[in-house]
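What follows is calculated from the coordinates using simple rules that are stated; it is not laboratory data. Being a predicted model, the structure only gives us computed values, none of them experimental. A quick note on method: Cβ atoms are made from the backbone with ideal geometry, for glycine too, and the neighbour counts reach across all protein chains shown.
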Amino acid sequence: MSGAVEPVALIHDYLLFLRGGERTFDAMAQIWPRAPIYAAAYSERDTEGRFAGRDVRTSWLQRLRVDRRTYRALLPLYPRAIESLPVAGHGLIVSSSFGFAHGVRPGDGAVHVCYCHSPFRYVWHERERAIASPPRPLRPLATRTLDSVRRWDVRASERVTHYIANSRITQRRIADYYGREAEVIHPPVDVDRFEPGDEVGDHFLFVGELLAHKRPEVALEAARLAGRRMVVVGGGPELRRLRSRYGDCAEFLGRISDAELARVYPRALALVIPNVEEFGITAVEAQAAGRPVLARAVDGATECVLDGRTGVLVEGSDPRAFATAMREVDFRAFSPEAARANAEAFAVERFREAMREAVARARAAGPRGS
């Protein structure tokens with residue numbers, strides 16, 4: 001990839017947050033530092049300047065001033081916004097997709113490698129929950145909209161030359177929904193941001209956006225049943241309701257900076273992950289800070305937590321199962337050194353090297369069907 005201009009285009013759904021998907025995309029973007037970045041919409045402030053100085057090109061949605069408060073309402077517009085991104089002049093497209101980015105329209109003969117965080121959850125595995133969210137009179141419209149987006153999503157998958165999944169569950173979903181194979185490359189974690197601390201508190205920790213599918217209420221109810229305190233990091237639509245209901249047993253910090261988060265992790269007894277994660281970047285972050293993880297014994301957590309060595313994996317999603325572990329397990333007895341060593345397997349440079357090699361193989365193989 002030499003020369004004055006690289007023929008690579010980098011795509012992400014929208015850059016309106018700095019969450020796990022955006023941090024992964026940032027690591028990808030650093031592999032091709034001169035490549036333009038395309039996204040449906042972009043906020044330099046809300047991505048904490050991670051892409052400042054880069055050539056970021058947005059769709060017509062940018063003119064609507066979409067932000068983290070309004071982006072969900074514009075769901076029906078994203079397929080057309082992504083398709084409008086002018087990427088046809090690039091010979092290599094590398095997308096980072098949790099819903100729409102895989103639907104860009106490459107030019108003839110281009111290779112499109114998609115790093116898939118998850119097929120769009122609200123038209124597939126979270127469809128029923130998404131339909132139940134709006135008021136009842138609006139649900140038929142929601143059903144038709146999601147059905148339309150699902151049909152588009154399948155067509156969009158046919159434009160991808162090669163899929164890379166972030167975990168085994170995403171690999172299975174790509175096969176089930178799109179009929180496509182995918183290799184697995186786990187997301188990167190900047191483990192050097194974290195280090196074990198000297199003082200561990202008496203509370204458990206939840207880190208993530210407060211969304212229904214993240215199931216923060218399971219963690220909070222478990223803490224209440226166990227008589228333990230919970231510290232909650234993250235904002236989102238569920239914040240006000242959860243703070244009102246669990247304010248007596250939990251401290252809600254809202255969204256905090258990377259530096260603050262690095263200070264919060266080492267003081268927790270354990271990080272609690274009550275939902276099914278495609279992978280679990282926060283689980284690796286907690287281990288990098290020397291702390292164990294309490295999570296469901298399913299999918300992503302089983303790929304990054306060593307049960308009994310760097311955390312505890314429980315069966316099912318009942319708060320009582322989590323509460324039992326909170327009461328009965330001595331989380332102070334877990335080795336910070338073992339947790340840190342496990343986290344280092346997911347370091348950023350390992351991810352970058354794996355991505356370089358996967359993209360090189362896809363590029364050498366050429367366009368799909370060639």
Pairwise centroid distance, computed over Cα atoms, of segment 316-370 with segment 1-75, Å: 24
Sequence-distant residues sharing a close amide H with H117 (under 5 Å, placed H): S97, F98
Selected from P237, F204, P336, residue furthest toward positive end of dipole (the chain; charges at beta carbon): P237
For segment 95-109, 3J(HN,Hα) per residue [Karplus equation, 6.51 cos²θ - 1.76 cosθ + 1.60, θ = phi - 60°, Hz, x = Gly/Pro]: 10, 10, 10, 10, x, 10, 4, 5, x, 4, 9, x, x, 4, x
Packing-based order for 268-276, 302-310, using average beta carbon neighbours within 10 Å, highest first: 268-276, 302-310
Charge dipole (debye, nearest 20) of segment 191-346; +1 at Cβ of Lys and Arg, -1 at Cβ of Asp and Glu: 600
Segment 278-331: C-alpha gyration tensor shape, a/c 1.5 cut-off, then a/b vs b/c: oblate
Backbone HN-Hα couplings from phi across segment 324-331 [Karplus 6.51/-1.76/1.60, Hz, Gly and Pro as x]: 4, 5, 4, 7, 9, 8, 8, 6
5 angstrom amide H check on A270, placed H, neighbours 5+ away: L205
Selection from Q171, A222, H102, by position along the positive dipole direction of the chain (Cβ): H102
Packing-based ranking, highest mean first, of 109-121, 329-341 given that Cβ atoms within 10 Å are counted: 109-121, 329-341
Stokes-Einstein D for segment 139-217, Kirkwood Rh over Cα pairs, 25 °C, 0.890 mPa s (µm²/s): 147
Total charge dipole magnitude, the chain, about the Cα centre, Cβ charges on Lys, Arg, Asp, Glu only, Debye to nearest 20: 1400
Using distinct alpha-carbon pairs, which all enter the 1/r mean, Kirkwood radius of segment 268-367 in Å: 14.5
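Given N residues in the chain, what is Rg(Cα) / (2.2 N^0.38 Å)?
This ratio for the chain stands at 0.99.
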For segment 191-346, diffusion coefficient by Stokes-Einstein and Kirkwood Rh (Cα), 37 °C, 0.692 mPa s, µm²/s: 219
Under the Karplus curve 6.51 cos²θ - 1.76 cosθ + 1.60, θ = phi - 60°, whole-Hz ³J(HN,Hα) for segment 339-344, x wherever Gly or Pro sits: 4, 4, 4, 5, 5, 5
